[in-house]
Amino acid sequence: MLYKTRTIPHELEVYQYLNTRIKLSEIERKHLFTLRKGFEGEVQFDNLTSSIHSECFILNDLLLQQNKSIFQIDTLIIAPDTIHLFEVKNFEGDCFYDSDRLYTKIPPQSEITNPLIQLTRSESLLRQLLQSLGCNLPIQALIVFINPEFTLYQTPINKPFLFHSQINRLFDKFNSTSRKLKTSHKELAERLLSLHLHDPPFFLPPSYKYEDLRKGNTCEKCGFFQINIRGTKCMCKECGRMELSETTIMRNVKELSMLYPEMKITTKTIFEWFQGEIPKRTIGRALKKHMDCKGVRQWSHYEY
Ligand SMILES: [Zn+2]
């Protein structure tokens with residue numbers, strides 16, 4: 001049973017917004033590609049875990065703290081006898097394993113950070129956290145190589161790696177058990193969910209100034225900038241996608257708030273963000289409907 005869903009990481013979202021509005025450097029574009037690929041791999045794994053029908057609680061994307069250390073878990077499955085911890089990697093191509101290091105096979109054979117380092121840390125911190133919560137279930141920690149186009153040569157047999165071709169077999173094993181969950185499992189799932197940190201870990205975004213960002217609305221489907229306003233709807237001039245103006249406005253409020261968390265949202269700021277493409281009256285109506293108005297007249301602004 002799915003107990004916690006996955007949402008798009010804050011860092012990825014910021015990078016995606018910036019990618020449409022400024023020219024990212026090559027390093028930043030590569031970083032965006034890595035973030036996007038990682039997230040896609042995790043979503044693919046979620047699709048596979050959704051086939052588990054035996055009793056368990058699935059918690060995706062947990063950010064937890066033990067003592068002063070913060071750790072992130074891609075997927076945690078609370079099963080009747082075991083806690084399963086999965087770290088998902090969307091690597092592709094040919095690599096090889098040598099003395100606890102991973103290298104790309106194609107010259108110049110650059111080293112890739114061994115995901116076992118992260119897994120060992122997360123497992124240890126999770127064990128300490130579970131013990132502090134009075135849970136002594138054993139933990140099985142695995143690295144999932146989700147991409148079927150990935151090959152790891154010279155893999156030692158005793159490493160906790162789960163390759164794409166082995167995932168279904170593991171889940172078949174899950175499904176073959178008829179053991180039931182108890183109240184204590186539910187309490188543990190609730191407790192972990194309550195301990196999940198909502199604030200994203202610190203990351204260093206590319207530097208960007210408001211005046212350098214390309215303003216205007218972007219189509220959610222194709223990223224094109226120009227839109228037609230037709231009554232209460234906006235239509236993309238490129239792909240024809242229709243969206244309620246209200247939805248478009250609130251989508252942009254979210255984007256602006258994410259890029260500038262300190263910025264006060266007013267009808268004027270949103271009007272300028274849209275470069276006057278959407279009338280102030282329509283903006284004001286949407287903001288009033290979805291947000292709380294603080295202050296009076298020209299000093300008023302909106303908050304969630
Ligand atoms: Zn479009």
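A few remarks follow.
- A simple packing score, the average count of other Cβ atoms within 10 Å per residue, orders the peptides 201-208, 282-289 as 282-289, 201-208, with the highest score first.
- Annotation: Cα Rg of region 215-303 relative to the compact-globule expectation 2.2 N^0.38 Å equals 1.05.
- When each full DSSP H helix of the chain is screened for a Cα extent of at least 27 Å along its own axis and an average Kyte-Doolittle hydropathy of at least -1.0, the helices passing are 26-49.
- Taking 0.36 nm per residue of separation and subtracting the current Cα-Cα distance, fully stretching the chain between Lys254 and Arg169 would add 26.5 nm.
- DSSP finds beta bridges in the chain, and of those with both partners inside it, around 65 percent are antiparallel.
- Among the GluC sites (Glu not before Pro) within region 131-229, those in coil by DSSP and having at most 11 neighbouring Cβ atoms inside 10 Å are Glu149.
- Packing order of peptides 229-237, 52-60, 271-279, highest average first: 52-60, 271-279, 229-237 (average count of other Cβ atoms within 10 Å over each peptide's residues).
- Placing one equal scatterer on every Cα of region 56-109 and applying the Debye formula, the log10 ratio I(q)/I(0) at q = 0.25, 0.29 Å⁻¹ is -0.93, -1.07.
- Taking each of Lys23/Lys233; Lys68/Lys159; Lys233/Lys280 in turn, the alpha-carbon distance tops 19 angstrom for Lys23/Lys233; Lys68/Lys159.
- Under the Karplus curve 6.51 cos²θ - 1.76 cosθ + 1.60, θ = phi - 60°, whole-Hz ³J(HN,Hα) for region 138-153, x wherever Gly or Pro sits: x, 10, 10, 10, 9, 8, 9, 8, 6, 7, x, 8, 10, 10, 10, 6
- Near Ile265, the amide H atoms lying under 5 Å from its own belong to Tyr302; only residues 5 or more places off or on other chains count, and H is placed 1.01 Å from N.
- Mean Cβ count within 10 Å, highest first, over the residues of peptides 75-88, 94-107: 75-88, 94-107
- Using only alpha carbons, region 2-195 has a radius of gyration to Kirkwood radius ratio (Rg to Rh) of 0.98.
Values quoted throughout were computed directly from the atomic coordinates according to the rules given, and no laboratory measurement underlies them. This one's a predicted model, so the numbers in the text were calculated from it and none came from an experiment. Glycine also receives a Cβ, built like all others from the backbone with ideal geometry; neighbour counts cover every protein chain displayed.
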